[in-house]
Amino acid sequence: APLGVAVIGTGRMGADHVRRIHEVTSGARVAAVVDVDAERAKAVAARVDGCTAHTDPAAAMAAAGVDAVLIASPGPAHEATLLAAFEHDLPVLCEKPLTPDAASALRVLEAEQRLGHRRVQVGFMRRYDPEYAKLKALLTTGQLGRPLMLHNRHRNVASPPFFTSSMLISDSVAHEADATRWLLDHEITAVTVLRPTPSASAPDALQDPQFVVFETDGGALSDVEIFVNCGFGYQVQAEVVCERGTARIGDDHALVTNMAGRWGGTIAQDWTERFETAYDQEIQTWIDATRRGEVTGPSVWDGYAAAAVCEAGVRALQDGGRVEVALVEKPTLYR
Ligand code: NAD
Ligand code: ISE
């Protein structure tokens, strides 16, 4: 029987994951949806035969036919829903960030350890992007030698009205915190944030762009340009510089046209376009692993580490200077 999934939060990402499970991936069906906005939940449920609509995550988890949970509510709501899913011992895919700060992420880490087995895959979907996967595979061969530096660019067309300067780190750079840890197989030990004069296109009081520097326990540096009101497109690029060579991804050169004395191409406008394949792969991998009774992909440890890095980053942004990342010892469950 297909895996019955309850999708919690039916906003932009949640509704897209409902579509994905219904129309793109195989092996699962959307059994229930939840949103604090009852009308939104009903409207999304109406797109799927037999899908029930709820306003309370716990009610959906207890509903007939629900075997697994996909959390796509805003980050601050994740902790309560994760703990409820643990009470039902249900497998979870939790959109990034695991939680918005290190203390809440640590509570989730401790709760999963009390369960005694991994239950959660965290939604760091870049690990499933074909370009990122190729870069990771190349680094794993060791052909390029030891990684010395990683340069990341992360640009959004425009930020939503609720976006704060801290969210450039905790909501956006969270992806580079994970990508850096995963690509280099290093932990991030310290964060520095530099603040250029904000762009005239940034909303009032928003520190946009920012330049973030991560130091790692493997002696590498990873820098991130985060610019969430660049205006022209959605770009995520990475270049790794190693002892014997470099490799880069995200240049969007899939189609280059020559016409009327000019050459060029198009730039994606948002993450749903740029990372469509990554989301499809991420959800299919989660469904397949869950049906085999396994948990793979980014773990609660990865979610916790990214939250701790981002919390240090937010302090570095606010206070200036270099802020060290304090991680608890890695529990056996995640080794
Ligand atoms: P959104 O605001 O469009 O949707 C969130 C939905 O959750 C809304 O419909 C809201 O009413 C509902 N909601 C709020 N609190 C809730 C609760 N306690 N229980 C149930 N529903 C609740 O936000 P979004 O852009 O879809 O983001 C959702 C999550 O996905 C966030 O964690 C965000 O960081 C993440 N996200 C990930 C990516 C990615 O690239 N992986 C991209 C965008 C967003
Ligand atoms: C958003 O929440 C995402 O996760 C996107 O991938 C990222 O590019 C964007 O900056 C975030 O706000």
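The values are calculated or read from the model by the stated rules, or taken from the named source; none is laboratory data. Keep in mind that what you see is a predicted model, and the values were worked out from it rather than measured. Neighbour counts run over all protein chains shown; Cβ positions are idealised from the backbone, glycine included.
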Problem - Set Leu83, Leu135: member being in contact with a helix residue (DSSP H, G or I) (Cβ under 7 Å, 6 or more places away or on another chain), more than 12 Å from ligand 1 (Cβ to nearest atom), assigned by TED's automatic domain parsing to the domain that holds Leu184 and of a type in the set (A, V, I, L, M, F, W, C) - result: Leu135
Problem - Cβ-Cβ under 9 Å pairs, at least 6 apart or on other chains, the range 197-211 side hydroxyl-bearing (Ser, Thr, Tyr), far side outside any loop (DSSP other than H, G, I, E, B) - result: Ser199/Phe227
Handout entry: Residue list for the range 238-264, filter: closer than 20 Å to Lys136 by Cα and either of a type in the set (Val, Ile, Thr) or outside the structural domain of Arg181 (by TED's automatic domain parsing) (or both)
Key = Val240, Val241, Thr246, Ile249
Exercise for the section: State all residues of the range 258-306 that are touching a Leu at 6+ places or on another chain (Cβ under 6 Å), over 30 Å from Ala1 (Cβ atoms) and either of a type in the set (Ser, Thr, Tyr) or within 15 Å of ligand 2 (Cβ to nearest atom) (or both); if no residue qualifies, say none. Expected result: Tyr304
Practice task
Report whether or not Phe232 is buried (at least 17 other Cβ atoms within 10 Å of the Cβ), more than 21 Å from Leu139 (Cβ to Cβ) and either within 16 Å of ligand 2 (Cβ to nearest atom) or outside the structural domain of Arg153 (by TED's automatic domain parsing) (or both).
Solution key: no
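Counting only residues that are of a type outside the set (A, V, I, L, M) and either in contact with a Leu (Cβ under 7 Å, 6 or more places away or on another chain) or farther than 30 Å from Ser166 by Cα (or both), how many does the range 57-93 have? Outline the logic, then answer.
The initial filter retains those residues of the range 57-93 that are of a type outside the set (A, V, I, L, M), namely 57, 65, 67, 73-76, 78-79, 81, 86-89, 91.
If we keep only those that are either in contact with a Leu (Cβ under 7 Å, 6 or more places away or on another chain) or farther than 30 Å from Ser166 by Cα (or both) as well, we get 65, 67, 78, 86-89, 91.
Summing the residues that are of a type outside the set (A, V, I, L, M) and either in contact with a Leu (Cβ under 7 Å, 6 or more places away or on another chain) or farther than 30 Å from Ser166 by Cα (or both) in the range 57-93 gives 8.
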Exercise for the section: Determine which single condition Glu294 fails, assuming it passes every other condition in (1) outside the structural domain of Val108 (by TED's automatic domain parsing); (2) within 27 Å of Ile21 (Cβ to Cβ). Expected result: (1)
Exercise for the section: Looking only at the range 202-221, decide whether some residue is more than 25 Å from Gly123 (Cα to Cα), aromatic (Phe, Trp, Tyr) and out of contact with any helix residue (DSSP H, G or I) (no Cβ under 7 Å at 6 or more places or on another chain). Expected result: no
Practice task
Among the numbered conditions (1) hydrophobic (A, V, I, L, M, F, W, C); (2) out of contact with any Pro (no Cβ under 8 Å at 6 or more places or on another chain); (3) buried (at least 16 other Cβ atoms within 10 Å of the Cβ), tell me where Ile226 comes up short.
Solution key: (2)
Practice task
State which residue pairs qualify: first residue in contact (Cβ under 8 Å) with a residue 60 or more places away in the chain and inside the range 275-295, second residue in a helix (DSSP H, G or I) and buried (at least 16 other Cβ atoms within 10 Å of the Cβ) in any location, beta carbons under 6 Å apart, and separation of 6 or more residues or different chains.
Solution key: Phe275/Met125; Ala278/Met125; Ala278/Tyr128; Tyr279/Met125; Gln281/Tyr128; Glu282/Met125; Glu282/Tyr128; Ile283/Arg20
Practice task
Output the number of the condition that Gln269 fails; it satisfies all remaining conditions of (1) outside any loop (DSSP other than H, G, I, E, B); (2) surrounded by fewer than 19 Cβ atoms within 10 Å (Cβ to Cβ); (3) in contact (Cβ under 8 Å) with a residue 12 or more places away in the chain; (4) of a type outside the set (Asp, Glu).
Solution key: (1)
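Looking at the range 115-128, can you tell me whether even one residue there is in contact with a strand residue (DSSP E or B) (Cβ under 7 Å, 6 or more places away or on another chain) and charged (D, E, K, R)?
Step one: list which residues in the range 115-128 are in contact with a strand residue (DSSP E or B) (Cβ under 7 Å, 6 or more places away or on another chain), which gives 119-123.
Subsequent filtering for residues that are charged (D, E, K, R) retains 119.
Yes; the residues of the range 115-128 include at least one that is in contact with a strand residue (DSSP E or B) (Cβ under 7 Å, 6 or more places away or on another chain) and charged (D, E, K, R).
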Completion exercise
Listed by first then second residue, the pairs whose first member lies in the range 76-87 and is closer than 21 Å to Glu311 by Cα and touching a residue at least 12 places away in the same chain (Cβ under 8 Å), whose partner is near ligand 1 (Cβ under 8 Å from one of its atoms) and among the acidic types (Asp, Glu), with beta carbons under 8 Å and at least 6 positions apart or on separate chains, are His78/Glu95
Exercise for the section: Taking Phe162 as meeting all but one of (1) surrounded by fewer than 18 Cβ atoms within 10 Å (Cβ to Cβ); (2) over 21 Å from Gly303 (Cα atoms); (3) more than 16 Å from ligand 1 (Cβ to nearest atom), write down the number of the exception. Expected result: (3)
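Report, by residue number, each residue of the range 193-237 that is modelled with pLDDT under 95 and outside any loop (DSSP other than H, G, I, E, B). Write out each step before concluding.
Pass one, the range 193-237, residues modelled with pLDDT under 95: 204-205.
Within the range 193-237, no residue meets the criteria.
Does Ser172 satisfy the condition of being under 20 Å from the mean Cα position of the chain (by Cα) and near ligand 2 (Cβ under 10 Å from one of its atoms)?
It is true that Ser172 is under 20 Å from the mean Cα position of the chain (by Cα) and near ligand 2 (Cβ under 10 Å from one of its atoms).
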